[in-house]
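The values are calculated or read from the model by the stated rules, or taken from the named source; none is laboratory data. Since we're looking at a predicted model, the values are computed, not measured. Cβ placement follows ideal geometry from the backbone for every residue including glycine, while neighbour counts extend to all protein chains displayed. Only protein heavy atoms, including side chains, enter the accessible area calculation; ligands, DNA and RNA are left aside. Shrake-Rupley method; radii C 1.70, N 1.55, O 1.52, S 1.80 Å.
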Amino acid sequence: MFASLDGFLRLALLVSMLAFAFASWLYQWVNRQPSSNPRVAEVGKYIRDGSYTFLRAEYKELAKFAGILAVLILIFLPKGIWLGNPAENVLMAVAYLAGTIFSGAAGYIGISIATIANIKSAEAAQQGIRSSFMASFRGGAVMGMSVVGSVLLGVSCLLYITDNTSVLLGFSFGASSIALFAKAGGGIFTKSADISADLVGKVELGIPEDDPRNPAVIADNVGDNVGDVAGMGADLFDSNVASISAALVIASVLDKGMGSVVNASMVICFATLGLLSSMIGVSMAKMGEKSNPTQALNNSTYITTAIFVVVTGIATSVLGYNWRIWGASMVGLAIGVIIGMVTDYFTNDEKPPVRATAKAAETGPAFTILSGISYGFMSVLPPLIGIGVSSLVAYKLCEPIGEGYAMFGIAMAAVGMLSIVGMIISNDAYGPIVDNARGLVEMGDLGEEALEATDILDSAGNTVKAITKGFAIGAAGLTVIALLGAFMSEVNEAAVRLGLVGISGFDIMDPTVFFGMLVGGGVPALFSAMLMLGVSRNAQRMVVEIHRQFNDIPGLKEGEPGVVPEYAKCIEIATSGALKELVPAGAATIGITLLVGYVGGVKALGGFLCGNIVTGLLLALFMSNAGGLWDNAKKFVESGHHGGKGSDAHKAAVVGDTVGDPFKDTAGPSINTQITVVSLIASLAATLFLTMSIF
C-alpha cells in the first residue's frame, strides 16, 4: 500500500488546487458585496495604495537580502560546493528561493483581499452586524485557504520532483527568512503609526481613535494590513512549512530503515486532511444578528478540530497507520486548543485579568503597566507546561514503536497542532479587516449603529488575534523541538557519510553545549530589544511630523471643511523607518547562529537551539499576552467603564496599550519566527559545522 509516495503527493496537489478554487470563490463573494459610499472608497484607496507601496518597497529590500543568502547557500550548503556534487547546492539554493517567493506571495494575497474586505465590511455594518461579520471573515478565509494551499503545493511539488526531504529544509528556510523580516518590518510600520496616532490624538488632543484629522490615521490602517495580514500570513506559512518539513526529514530516516514510505505518507496525508477540514469549517462559519462574534469564530475552530479528529482517525484505520502516532498528533491538536483558551482568559475583556488592569488604570499609567506585566508573566506558565506536556506525552507515546519514533511523535504533534492552520489564519486575518472597517465607518460617517457593530466585531477581532498569536507561538514551540530532532538527524546522517561520530543528545555539563545554551538564551532578548527600539525611534519621528501638521496646517486641528492632513508624509516615515530597522535584527540573529556553529561546532549549536527555544517561547508568550491584555483593557475603559473616553483612566489605559503595541504586534510574534529560522540554519549547516569549528 505504501510502495510509493506518488499517490499521496498527487492527492495533496489536488486538495491544494481545491483550496485555491475555494479561495477564488470566497474572493468573488466578498468583491460582489455592495459598496457605494464615496468617502469610504476614497479612504479605502488611501489604505490600499499605502499597503502596496510599503509591500513593494519591503520586497525590493528583501529580494536583495534573499539574493545574497541564495549565493551563500549555493557556495556552502549542504556542504562546500568544491567538496561534493554541485547539483545538491544548486537544488538547495533553488528550493530556498522558491520558499521566499511562496512566503512573499502569502503576504501579497492577504493584502489584496484585506483591502477590499475592509470596505465591504464597513458598508455592510449599516445592514447589521451579521453582514459585516461575514464580509470580514470570508475575506480572512481567502488568505487562510490560499496560504495553506500554497504550503501543500510547495512541499508536495518539491518532494515529488526531488524525492529529497533535506531540500525541504531549504524551502522552509526561504519561507522563514522572509517571514522573519516581513513580520518584523510590518510590525515596526504598524506600531510606529499606531503609537504616534494614539499618543498625539487620544492622549494630547482627546480626539477619537480614527479621527480623519489625525495625519497618522491612514498609516495606522495601512499598518494593520502590512503587519497583521501580510506579516502574520508569512509567519504562519513559515510555521506550517517548518512543521511538515521537520516531520518529513525524520520520517524519511525512519522509512529508509524499513524500506517503506509509511511515515512520510502519514505526514502528507494528515496535512492534506487538515486543509480539507479547514475548508469545511470555513464554509460552515456563520453568525446570527444577536450572537457573539467571538463565539462564532471559536465555534468554527472547534468544528474544524472535530472534523480533523474524525477524518484522521478513519485514515489511520483504513490505511493501517500506527495509532500511537495518530495519538501524538491529537495531543498536539488538543494542546493548541488549550493554549488558545488560556490566551483567551488573559486577554478577553470579559475575564478578570483585563478588568483588573482596566481598574488599575484609575490610579495612573504606572499601575496599568505593572498590572499588565504581572498578568503577562503569569500567562506564560500554562502554555509552556502545555508545550512541555504535549512533547513529553508524544515522545513517550511513540517511544515503544522503535528507535527514532519518539522524536517523530513530537514532530507529528506539531503537524497535528498546525493541521487546522487554515482556520486559524482565517480567524487571524479577520481581526485587521474589522479593525480597518471600524476606521472606515468612523471616517465615512456611516452612523452610530454601524460604529457600534464594528466596535463589537473589532473587540472580538482583538481577542481572536491574541488567541491566534498564542496558537502560533505554541505551534512554533513544538515545531522547533521537532526541528531539533531534524538537526540531530542531519548531523548523524552527515557523520555516517564522513566516518565521524554522531550525537545522541546534548549534555549541559559539556562546556561547549553550555556555551551555546547561554548565547542562544540571550538572542531572543537582543532581537526583541532591537525591534522595539526600531518602533520607538520611528514613532518619535512620526510624532514630530504629526505635531508639525497640526501646528502648520490652518484649520486642521479644528476640523474645518476641506482641510485634509498630509497622510502620505506619515506613510512615508513609517515605510522608510521600517525598512531601515527591519534588517539589522534579523541579520544579527542569523550571524550569531553561524558564529556559534563556527566556534563550538554542532554540540554548541545544539545547546544554542535549546536555550533559544526556552527563552524565545517565554518572551514571545509574555509579550503577546501582555500586549493583548493592555489593548483590551483600553477598549474596556473606552466602552464606558472606569470613567470612559477622555477620563484619566482612559489616558492611563492608552499608555498601557502604547507599551503593549510593540510587545504584541512587533517583537512577540516575530520571536517564534526567529527561533524557527535559527533551527533551520542549524540543520542546513549541520555538515559544515561538523567538519569546521574552532573547538
Residue by residue through segment 374-402, note down the ones that are crowded, with 19+ Cβ neighbours inside 10 Å and closer than 18 Å to residue 618 by Cα. 375, 376, 379, 380, 383, 386, 387, 390, 391
Please verify whether residue 472 is touching a Pro at 6+ places or on another chain (Cβ under 8 Å), among the hydrophobic types (A, V, I, L, M, F, W, C), modelled with pLDDT under 90 and within 30 Å of residue 605 (Cβ to Cβ), treating the condition exactly as stated. yes
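Would you mention how many residues in segment 344-364 are surrounded by 20 or more Cβ atoms within 10 Å (Cβ to Cβ) and assigned to a helix (DSSP H, G or I)?
Within segment 344-364, the subset surrounded by 20 or more Cβ atoms within 10 Å (Cβ to Cβ) is 346-349, 353-354, 357-358, 360-361.
From what's left, assigned to a helix (DSSP H, G or I): 346-347, 353-354, 357-358, 360-361.
Selection size over segment 344-364: 8.
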What single numbered condition from (1) at pLDDT 95 or above; (2) open to solvent by 20 Å² or more (accessible area, probe 1.4 Å); (3) farther than 18 Å from residue 391 by Cα; (4) not hydroxyl-bearing (Ser, Thr, Tyr) fails to hold for residue 308? (2)
What's the number of the condition residue 368 fails, among (1) over 22 Å from residue 423 (Cα atoms); (2) crowded, with 18+ Cβ neighbours inside 10 Å; (3) without any contact (Cβ under 8 Å) to a residue 40 or more places away in the chain? (3)
All positions within segment 509-528 that are under 21 Å from the mean Cα position of the chain (by Cα) and open to solvent by 40 Å² or more (accessible area, probe 1.4 Å): 525, 526
Could you go through segment 311-321 and let me know if any residue there is part of a helix (DSSP H, G or I) and buried (at least 24 other Cβ atoms within 10 Å of the Cβ). no
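Would it be correct to say that residue 44 is assigned to a helix (DSSP H, G or I), free of Cβ contacts under 8 Å to residues at least 12 places away in the same chain and either in contact with a Gly (Cβ under 8 Å, 6 or more places away or on another chain) or open to solvent by less than 70 Å² (accessible area, probe 1.4 Å) (or both)?
Working: assigned to a helix (DSSP H, G or I): yes; free of Cβ contacts under 8 Å to residues at least 12 places away in the same chain: no; either in contact with a Gly (Cβ under 8 Å, 6 or more places away or on another chain) or open to solvent by less than 70 Å² (accessible area, probe 1.4 Å) (or both): yes.
Spelling it out, it is not the case that residue 44 is assigned to a helix (DSSP H, G or I), free of Cβ contacts under 8 Å to residues at least 12 places away in the same chain and either in contact with a Gly (Cβ under 8 Å, 6 or more places away or on another chain) or open to solvent by less than 70 Å² (accessible area, probe 1.4 Å) (or both).
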Considering each residue of segment 68-83, count those that are open to solvent by 30 Å² or more (accessible area, probe 1.4 Å) and either without any contact (Cβ under 8 Å) to a residue 24 or more places away in the chain or in a helix (DSSP H, G or I) (or both), and give that number. 9
Residues in segment 479-489: is at least one touching a residue at least 60 places away in the same chain (Cβ under 8 Å), assigned to a loop (DSSP other than H, G, I, E, B) and either surrounded by 24 or more Cβ atoms within 10 Å (Cβ to Cβ) or among the aliphatic types (A, V, I, L, M) (or both)? no
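Within segment 150-175, take every residue that is touching a Ser or Thr at 6+ places or on another chain (Cβ under 6 Å) and surrounded by 24 or more Cβ atoms within 10 Å (Cβ to Cβ) and give me the one that is farthest from residue 684 (Cα to Cα).
Among them, the one singled out is 152.
If you go through segment 185-203 one residue at a time, how many are of a type in the set (Asp, Glu) and at pLDDT 85 or above? Let's see the steps before the verdict.
To start, the set of residues in segment 185-203 that are of a type in the set (Asp, Glu) comprises 194, 198.
Still in the list and also at pLDDT 85 or above: 194.
Going through segment 185-203 one residue at a time, the tally reaches 1.
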Count of segment 542-593 residues which are open to solvent by less than 20 Å² (accessible area, probe 1.4 Å), closer than 30 Å to residue 516 by Cα and among the β-branched types (Val, Ile, Thr): 3
Would you confirm whether any residue within segment 84-102 is out of contact with any Lys or Arg (no Cβ under 9 Å at 6 or more places or on another chain), open to solvent by less than 10 Å² (accessible area, probe 1.4 Å) and either without any contact (Cβ under 8 Å) to a residue 40 or more places away in the chain or not in a helix (DSSP H, G or I) (or both)? no
Residue check: is residue 8 aromatic (Phe, Trp, Tyr), assigned to a helix (DSSP H, G or I) and within 22 Å of the chain's Cα centre (by Cα)? no
With 606, 601 as the choices, which residue is surrounded by 24 or more Cβ atoms within 10 Å (Cβ to Cβ) and either small (Gly, Ala, Ser) or more than 30 Å from residue 455 (Cα to Cα) (or both)? 606
Between residues in segment 131-152 that are touching a residue at least 12 places away in the same chain (Cβ under 8 Å) and residues that are outside any helix (DSSP H, G or I) and open to solvent by less than 10 Å² (accessible area, probe 1.4 Å), which pairs lie under 7 Å by C-beta distance while being six or more apart or on different chains? 132/125; 133/287; 137/285
Which of the helices (runs of 4 or more DSSP H) found entirely inside segment 646-695 contain at least 2 residues meeting this: within 25 Å of residue 431 (Cα to Cα)? 648-662, 668-684
Pick out the one residue from 445, 455 that is open to solvent by 10 Å² or more (accessible area, probe 1.4 Å) and in a helix (DSSP H, G or I). 455
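Is it fair to say residue 435 is open to solvent by 10 Å² or more (accessible area, probe 1.4 Å), in a helix (DSSP H, G or I), in contact with a helix residue (DSSP H, G or I) (Cβ under 8 Å, 6 or more places away or on another chain) and not small (Gly, Ala, Ser)?
Details: open to solvent by 10 Å² or more (accessible area, probe 1.4 Å): yes; in a helix (DSSP H, G or I): yes; in contact with a helix residue (DSSP H, G or I) (Cβ under 8 Å, 6 or more places away or on another chain): yes; not small (Gly, Ala, Ser): yes.
Against the criterion (open to solvent by 10 Å² or more (accessible area, probe 1.4 Å), in a helix (DSSP H, G or I), in contact with a helix residue (DSSP H, G or I) (Cβ under 8 Å, 6 or more places away or on another chain) and not small (Gly, Ala, Ser)), residue 435 qualifies.
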Which numbered condition trips up residue 532, out of (1) touching a Ser or Thr at 6+ places or on another chain (Cβ under 8 Å); (2) open to solvent by less than 40 Å² (accessible area, probe 1.4 Å); (3) not hydroxyl-bearing (Ser, Thr, Tyr)? (2)
With the checklist (1) open to solvent by less than 10 Å² (accessible area, probe 1.4 Å); (2) within 30 Å of residue 651 (Cα to Cα); (3) modelled with pLDDT under 85 in hand, flag the one item residue 182 doesn't pass. (2)
Residues in segment 678-694 that are more than 23 Å from the chain's Cα centre (by Cα), under 13 Å from residue 483 (Cβ atoms) and hydroxyl-bearing (Ser, Thr, Tyr): how many? 0
Out of all the residues in segment 103-118, is one or more in a helix (DSSP H, G or I), at negative phi and open to solvent by 60 Å² or more (accessible area, probe 1.4 Å)? yes
List pairs: first residue in segment 247-268 and assigned to a loop (DSSP other than H, G, I, E, B), second residue open to solvent by 10 Å² or more (accessible area, probe 1.4 Å) and among the hydrophobic types (A, V, I, L, M, F, W, C) anywhere in the structure, Cβ distance under 8 angstrom, at least six positions apart or on different chains. 260/2; 261/2; 261/3; 261/5
